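One structure is given here, and the rest of the page talks about it.
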Amino acid sequence: MSKATLTLKTDKEFKQVYSCGKSVFSKRATLYYLRAKETKIGISISRKQGKAVQRNKTRRLIKEFFRLNYEKVLPAEIIVVAKSPLLNSYDETSKIMLKLLSKAGLTR
């Protein structure tokens, strides 16, 4: 696969991961995952997180993490639910995501 990541798009895909998958938690984010043949990413951010600019920044940081670390992540359908407070920097986002992925056993 190229540097572009595949995304979960339909409601059916999200519901399948929520109902059949497993989850791991941290103070800043929750990761839902379901083992699959290829890695697909879905990102969910509540309006409680702030205005659209802040939510989109968080979304971009999470996407960038998966783009740069694609080779380290085992194939799975993954949903990241960002909680408050916001993920402000790439370093902070990276630490949180690596911790969640290792808890879930999705790192190589």
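The values are calculated or read from the model by the stated rules, or taken from the named source; none is laboratory data. Since the model is a prediction, treat every value here as computed from it, not as a measurement. Neighbour counts are summed over all protein chains in view; Cβ atoms, including those assigned to glycine, are modelled from backbone coordinates with ideal geometry.
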Practice problem: Just give me the residues in the stretch 66-108 being of a type in the set (Phe, Trp, Tyr) and out of contact with any Asp or Glu (no Cβ under 8 Å at 6 or more places or on another chain), in sequence order. | Solution: PHE66, TYR70
Self-check item: Failed item in (1) surrounded by fewer than 16 Cβ atoms within 10 Å (Cβ to Cβ); (2) touching a residue at least 12 places away in the same chain (Cβ under 8 Å), with THR58 passing the rest
Solution: (1)
Self-check item: Long-range neighbours under 6 Å by Cβ, at least six apart or interchain, first residue at pLDDT below 90 within the stretch 66-89, second in a loop (DSSP other than H, G, I, E, B) and not small (Gly, Ala, Ser)
Solution: LYS83/ARG28
Quiz prompt | the stretch 7-33 residues that are at pLDDT below 95, paired with ones that are assigned to a loop (DSSP other than H, G, I, E, B) and exposed (fewer than 15 other Cβ atoms within 10 Å of the Cβ) (beta carbon under 9 Å, 6 or more apart) | solution = LYS27/PRO85; ARG28/SER84; ARG28/PRO85
Self-check item: Hits in the stretch 45-64 - residues which are over 18 Å from SER89 (Cα atoms) and not in a helix (DSSP H, G or I)
Solution: SER46
Quiz item: Before we move on, is LYS99 outside any loop (DSSP other than H, G, I, E, B) and either in contact with a Cys (Cβ under 7 Å, 6 or more places away or on another chain) or surrounded by 12 or more Cβ atoms within 10 Å (Cβ to Cβ) (or both)?
Solution: yes
Quiz item: Counting only residues that are within 23 Å of GLN16 (Cα to Cα) and of a type outside the set (A, V, I, L, M), how many does the stretch 48-85 have?
Solution: 7
